[in-house]
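Written below as structure tokens is the structure these notes are about.
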Amino acid sequence: MDWDVAVVGAGPAGSTLARLLASAGVRVVLLERCPLPRYKACGGGLTGRSLALLPQQVLHIVRVWSRQATVSYGGHLSVARSPRPAVGLVLRSEMDALLADLAVRAGAVLMPDSAVTAACREGDGVRLAVGGKALRVRYVVAADGSTGVFQGPMGSAVGLGPCAPRIGAVEAEVADPGGAWGTALRGDFDVVPGGYGWVFPKGDTLSIGVASWRSGVGGSQLRASLSRYIDLLGMGDREVLTLRGHPIPVGGRLKLRALYSACALRVGDAAGLADPLFGEGIAYALESAHLAAPVLIAALHADRGSEALRPYAQALGRQVYRTFRVASALSRAFYRAPGPWIGVARVHASVGDLAWRWATAAGRLPGGEGFGPAESSW
Ligand SMILES: Cc1cc2nc3c(=O)[nH]c(=O)nc-3n(C[C@H](O)[C@H](O)[C@H](O)COP(=O)(O)OP(=O)(O)OC[C@H]3O[C@@H](n4cnc5c(N)ncnc54)[C@H](O)[C@@H]3O)c2cc1C
């Protein structure tokens with residue numbers, strides 16, 4: 001074998017897993033189709049869930065710490081505030097390059113500009129085609145995101161099952177000279193059918209996006225909604241630096257058997273791990289990497305046969321999918337008619353406060369400092 005493990009995709013899931021494996025002495029190669037740093041359409045919002053699992057170095061590249069979110073529906077604005085930072089905002093290009101670098105410093109071999117184009121089982125491992133060359137590895141990890149190659153026949157070629165449903169999202173990076181917008185987050189629940197629009201500040205740019213949970217709301221409708229939304233925010237004349245559509249794999253419905261095989265497993269978006277209520281995915285990409293690492297290490301140390309990676313899928317089922325099932329049910333009810341829910345939160349501050357606490361996941365920063373609502377108000 002050339003490597004013990006090949007991790008395909010250097011997003012937060014892949015780079016974190018590569019770092020954890022390399023730190024334990026596993027021979028790991030991290031294959032990324034793009035040169036790094038690379039752009040990724042993403043609000044870059046880090047909640048307490050993400051920050052608890054990220055290395056401390058990430059704190060130095062947070063562009064904006066936000067303590068406030070404005071939620072709007074039907075012309076009414078509600079504001080949630082926290083005395084402590086509640087969401088950290090990063091540029092994904094910077095964060096993902098940093099995480100890949102930390103994986104390299106731990107001993108992983110990073111191959112940027114190296115798209116995996118084919119995979120098949122060979123003996124007790126996998127043969128991958130990477131830029132015209134073949135790599136033989138014991139285990140392959142699909143960390144290639146929601147549109148990656150393991151979503152299709154390549155997934156079945158290494159024994160992985162069909163993947164999660166996805167919702168549509170479109171995001172623009174809009175210039176905000178001098179950071180005039182400030183640090184508040186914004187969510188508008190009436191700018192796109194069955195979804196929401198957001199503004200996430202990054203200092204001198206704003207990530208402005210829309211996503212819809214409703215089937216049949218396609219790319220052109222989302223783009224039109226985004227354009228109207230940007231106008232509504234009074235930013236129609238701003239320079240749009242990037243505009244990208246990208247699906248979000250809202251989790252909760254993937255069969256555990258689809259997550260692993262005798263020689264492969266899925267992590268992050270490739271495993272359908274975005275939160276069904278708001279589409280937060282970085283935290284679950286990180287969590288899946290943390291759950292996968294010990295299982296892969298154990299499988300490499302003692303050959304446990306074709307079910308060696310099953311404990312990973314079981315752990316994901318217990319720790320993530322259970323919560324996602326509840327969030328899925330809430331999400332269906334909420335996006336069918338957000339008005340009454342937001343109305344209740346407006347009248348009963350405790351409900352709005354609960355939603356804000358849940359969304360930001362108060363906790364401790366990696367350095368130990370308190371993070372998120374301590375005495376929040378809604
Ligand atoms: C518009 C939008 C806004 C979002 N905002 C937020 C937010 O604010 N907060 C949050 O927590 N989540 C957010 N998400 C979700 C979040 O972006 C994802 O859940 C997260 O990026 C998943 O990480 P990942 O490592 O699994 O995959 P990705 O970050 O998608 O990384 C996958 C990597 O695999 C590489 N790759 C793909 N195919 C191949 C191949 N064949 N060979 C080699 N490499 C390959 C890709 O180039 C990429 O670098 C948002 C998503 C969207 C679409």
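Computed values, structure above
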quantity: Accessible-area order (highest first, 1.4 angstrom probe) of the listed residues ASP176, ASP237, ASP124; calculated: ASP237, ASP124, ASP176
quantity: Local net charge near ARG257, Cβ-Cβ under 12 Å (Lys/Arg +1, Asp/Glu -1); calculated: +2
quantity: Gap separating the Cα centres of region 210-266 and region 114-177, nearest whole Å; calculated: 19 Å
quantity: Reachable lysines from LYS202, criterion Cα separation under 27 angstrom, eight or more residues apart if same chain; calculated: LYS40
quantity: Given charges at beta-carbon only (K, R positive; D, E negative), |dipole| of the chain in Debye; calculated: 880 debye
quantity: Nearest-20 debye value, region 168-245 charge dipole, Cβ charges on Lys, Arg, Asp, Glu; calculated: 260 debye
quantity: Whole-number accessible area per residue in Å² for region 168-245, which is evaluated in the context of all protein chains at 1.4 Å; calculated: 41 Å²
quantity: Carbon plus sulfur fraction of accessible area for region 168-245, probe 1.4 Å, in percent; calculated: 50 percent
quantity: Rg in Å to one decimal, and Dmax rounded to a whole Å, for the chain via C-alpha atoms; calculated: 20.5, 63
quantity: Crossing angle, helix 92-106 versus the chain [Cα axis fit, 0-90 degrees, rounded to tens]; calculated: 30 degrees
quantity: Local net charge near ALA97, Cβ-Cβ under 15 Å (Lys/Arg +1, Asp/Glu -1); calculated: +2
quantity: DSSP bridge pairs, the chain: antiparallel proportion in percent, nearest 5; calculated: 70 percent
quantity: Region 61-142, accessible surface, carbon-and-sulfur percent (1.4 angstrom probe); calculated: 52 percent
quantity: Exposure rank, largest accessible area first [HIS348, HIS60; 1.4 Å]; calculated: HIS60, HIS348
quantity: Cα→Cβ-extended label distance, 7 Å offset, between LYS255 and THR242, nm; calculated: 3.6 nm
quantity: Accessible area of region 253-338 divided out per residue, in Å², using a probe of 1.4 angstrom; calculated: 38 Å²
quantity: Largest-first ordering by accessible area, 1.4 Å probe, given options VAL170, VAL109; calculated: VAL109, VAL170
quantity: Inter-label distance, nm, simple model (7 Å from Cα along the C-beta direction), ASP2/SER306; calculated: 2.7 nm
quantity: Probe 1.4 Å - accessible area at ASP113, Å² to nearest ten; calculated: 110 Å²
quantity: Local electrostatic count, SER227, Cβ distance below 15 Å [Lys/Arg +1, Asp/Glu -1]; calculated: -2
quantity: Pairwise FRET efficiency - VAL347 versus ALA129, Cβ, R0 = 51 Å, nearest 0.05; calculated: 0.30
quantity: Theoretical ellipticity at 222 nm over the chain - DSSP helices of four or more residues, -39500 (n - 2.57) apiece, nearest 500; calculated: -9000 deg cm²/dmol
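The values are calculated or read from the model by the stated rules, or taken from the named source; none is laboratory data. Since the structure is predicted, the reported quantities are computational estimates derived from the model, not experimental observations. No Cβ is skipped: glycine too gets one built from the backbone with ideal geometry, and neighbour counts run over all protein chains shown. Note: accessible area is taken over every heavy atom of the protein model, side chains too, but ligands, DNA and RNA are not part of it. Shrake-Rupley method; radii C 1.70, N 1.55, O 1.52, S 1.80 Å.
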